Amino acid sequence: MSSYDVVIIGGGPGGYNAAIRAGQLGLSVACVEGRETLGGTCLNVGCIPSKALLHASELYEAASGEAFAKLGIEVTPTLNLDQMMKQKNESVMALTKGIEFLFRKYKVEWIKGWGRIAGPGTVIVTDASGVETELLAKDIIIATGSEPTPLPGVEIDNKRILDSTGALSLAQVPKHLVVIGAGVIGLELGSVWRRLGAQVTVVEFLDHVAHGSDLEAGKTLHRSLSRQGMNFKLSSKVTSAITSETGVSLSVEPAAGGQAEVIEADYVLVSIGRRPFTRGLGLETVGLALDKRGMLENKDYRTAAEGIWVIGDVTSGPMLAHKAEDEASVCVERIAGKAGEIDYNLIPNVIYTRPELASVGKTEEQLKAEGRAYKVGKFPFSANSRAKVNHETEGFAKVLADERTDEILGVHLVGPSVSEMIGEFCVAMEFAASSEDVALTSHPHPTRSEALRQAAMSVIGLPTQS
Ligand code: FAD
Ligand code: NAI
């Protein structure tokens, strides 16, 4: 039996960041993780492998199509899918090993196995060979993450009907991939396989893609992806699937009900959301229950049970790695008696397609619903010099600012590489900047980031470049 200040269950971005911060603050800490490698969904089967494939497939498409030819580079690329997957797996492995290194550096003990709470201050870990170890802790942090939401009638077998993990490791390019759900996973992984040669049909229940995004930004992304050849069936739902050795027959109906049609695919990706993962966690031993959505509620990261905390995908808020990471630091700092806060309005969102959609703060729809008076400054990348010389002029930067005070309330960017630029506005908004503050700030020329400054200038109608 070993005793710690903090025991963390789960080694994803929530769990590993919490463990590292606890080690940095001098707490004795163990992190329980049942996977073979640390890093959770994000490093193993989420953010990292998906971005590795997005990057590689983007270059493949650029080399295959008009983009390279236009620059005077004439090549005929050949797809080596095995190598593309291998380099993805190598990046994943290197990054998970990096977490092991950080654990050693900050004296975090990795307890390998699946943990369950066995009463206040007690966690029992069962390792791969079934051996149990009891850990005692002053504080326990639950960071067990999430899993794909299943779709009744469309059973995931990861042979023909895939979840995101299956879609990240296919051994061949699908002929026809049907994606169920035009959310983040559907658009990102649909893009990967379309770029590599698949015909892709996305079936979405709602009448728009990228739900939750600023509507204008989402529509722009929708148009771009359609132009690239992704086929969308909006306001539609899949009601059943029949799988054979070679493919899947899907029954698809209008969302409001009506005549069904059959769509044939060789692979199907189910990406209709994720749900908190708490199976076998022993919550009942400390009197904890899940809410109606299967979520473990928190108040300032505390659960209703004394000494048990919760962070990341398994609790409320957006299911994002950087949200889990933010909560990890603040939660551990609170355990250590320090102060910490997160402004959930300022957690950025990115869809890593091409063009990307990156945003922070409120959408126009949210501001309208709140009855908040706001001004809009918008600047198209087609008027930005760097975008023009790169022949990448799709999209825009949009800044929403309070009509009276000029405080920036929301920023929505659509375009290549905007994921790398949204951080500027996260910082500005953390400091309650006005659009004028950004408009008066020098930006390097020639860069795409100048479009952000021009959008801020456009809030008062005075962009200097359009
Ligand atoms: P997780 O990363 O899910 O980690 C939880 C860990 O706990 C897992 O390793 C699990 O094995 C372990 N665990 C669970 N129960 C137990 C137990 N009882 N005992 C021991 N261990 C246990 N987010 C972004 O911000 N950007 C992206 O680009 C992005 N891309 C994504 C792409 C895909 C395909 C997917 C699926 C997700 C993506 N996400 C992305 C979301 C991101 O992966 C999650 O928000 C993030 O991983 C949540 O971190 P977490 O620590 O809460 O949970
Ligand atoms: P999602 O919530 O982003 O999108 C799911 C979509 O499926 C929605 O548009 C919904 O209307 C639709 N849908 C639901 N039921 C349906 C049905 N029966 N038929 C047709 N459509 C249906 O969920 P997704 O894409 O699975 O991703 C899960 C989460 O993972 C994301 O919400 C995000 O938190 C995280 N993620 C983040 C990424 C990023 O930050 N770039 C990348 C990938 C995942």
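Figures for the structure shown
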item: Residue in segment 34-44 that is free of Cβ contacts under 8 Å to residues at least 24 places away in the same chain, assigned to a loop (DSSP other than H, G, I, E, B) and farther than 24 Å from Q228 by Cβ present; result: yes
item: Extreme residue, surrounded by the fewest Cβ atoms within 10 Å (Cβ to Cβ), among residues of segment 318-340 that are within 14 Å of I8 (Cα to Cα) and within 16 Å of ligand 2 (Cβ to nearest atom); result: E325
item: Selection count where residues are surrounded by fewer than 23 Cβ atoms within 10 Å (Cβ to Cβ) and basic (K, R), scope segment 17-37; result: 1
item: Selected residue [outside the structural domain of M84 (by TED's automatic domain parsing), out of contact with any Gly (no Cβ under 9 Å at 6 or more places or on another chain) and not in a helix (DSSP H, G or I)] from A171, A210; result: A171
item: Long-range neighbours under 8 Å by Cβ, at least six apart or interchain, first residue within 14 Å of K159 (Cα to Cα) and touching a residue at least 40 places away in the same chain (Cβ under 8 Å) within segment 169-186, second part of a loop (DSSP other than H, G, I, E, B) and away from ligand 1 (no atom under 15 Å from the Cβ); result: V173/L79; V173/L196; V173/G197; V173/A198; P174/A198; P174/D266; L177/A198; L177/D266
item: Residue within segment 76-87 that is more than 24 Å from S329 (Cα to Cα), of a type in the set (V, I, T) and either exposed (fewer than 13 other Cβ atoms within 10 Å of the Cβ) or assigned by TED's automatic domain parsing to the domain that holds L170 (or both) present; result: yes
item: So K105, is it outside the structural domain of M295 (by TED's automatic domain parsing), away from ligand 2 (no atom under 16 Å from the Cβ) and either of a type outside the set (A, V, I, L, M, F, W, C) or over 24 Å from C47 (Cα atoms) (or both); result: no
item: A56, sole failed condition from (1) under 19 Å from the mean Cα position of the chain (by Cα); (2) within 15 Å of ligand 1 (Cβ to nearest atom); (3) of a type outside the set (S, T, N, Q); result: (2)
item: Residue count, segment 300-318 (criterion: touching a residue at least 24 places away in the same chain (Cβ under 8 Å) and in a loop (DSSP other than H, G, I, E, B)); result: 10
item: The listed residue being in contact (Cβ under 8 Å) with a residue 40 or more places away in the chain, more than 21 Å from E188 (Cβ to Cβ), of a type in the set (A, V, I, L, M, F, W, C) and assigned by TED's automatic domain parsing to the domain that holds F205, out of A241, A256; result: A241
item: Lone qualifier among L38, L25, L59 - being away from ligand 2 (no atom under 16 Å from the Cβ), of a type in the set (A, V, I, L, M) and in contact with a strand residue (DSSP E or B) (Cβ under 7 Å, 6 or more places away or on another chain); result: L38
item: E204 free of Cβ contacts under 8 Å to residues at least 60 places away in the same chain and either within 21 Å of the chain's Cα centre (by Cα) or within 9 Å of ligand 2 (Cβ to nearest atom) (or both); result: yes
item: Checklist (1) in contact with a strand residue (DSSP E or B) (Cβ under 8 Å, 6 or more places away or on another chain); (2) assigned by TED's automatic domain parsing to the domain that holds T243; (3) more than 14 Å from ligand 2 (Cβ to nearest atom) applied to G280, failing item; result: (2)
item: In segment 166-201, the residues that are under 12 Å from I272 (Cα atoms) and near ligand 2 (Cβ under 8 Å from one of its atoms); result: I180, G181, A182, G183, V184, I185, G186, L187
item: Residue list for segment 100-141, filter: aromatic (F, W, Y) and surrounded by 14 or more Cβ atoms within 10 Å (Cβ to Cβ); result: F103, Y106, W110, W114
item: Selection from segment 345-367 of residues that are of a type in the set (S, T, Y) and over 15 Å from the mean Cα position of the chain (by Cα); result: T363
item: Verdict on K378 being crowded, with 18+ Cβ neighbours inside 10 Å, more than 22 Å from the chain's Cα centre (by Cα), in a strand (DSSP E or B) and not aliphatic (A, V, I, L, M); result: yes
item: Complete set of residues in segment 142-169 that are near ligand 1 (Cβ under 10 Å from one of its atoms), closer than 21 Å to R293 by Cβ and not acidic (D, E); result: I142, A143, T144, G145, S146, P148, S164
item: Options E245, E264: the member that is within 24 Å of P152 (Cβ to Cβ) and part of a strand (DSSP E or B); result: E264
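The values are calculated or read from the model by the stated rules, or taken from the named source; none is laboratory data. Keep in mind the model is a prediction, meaning the values are calculated, not measured. For neighbour counting, all protein chains shown are included, and Cβ atoms are generated from backbone atoms with ideal geometry for every residue, glycine included.
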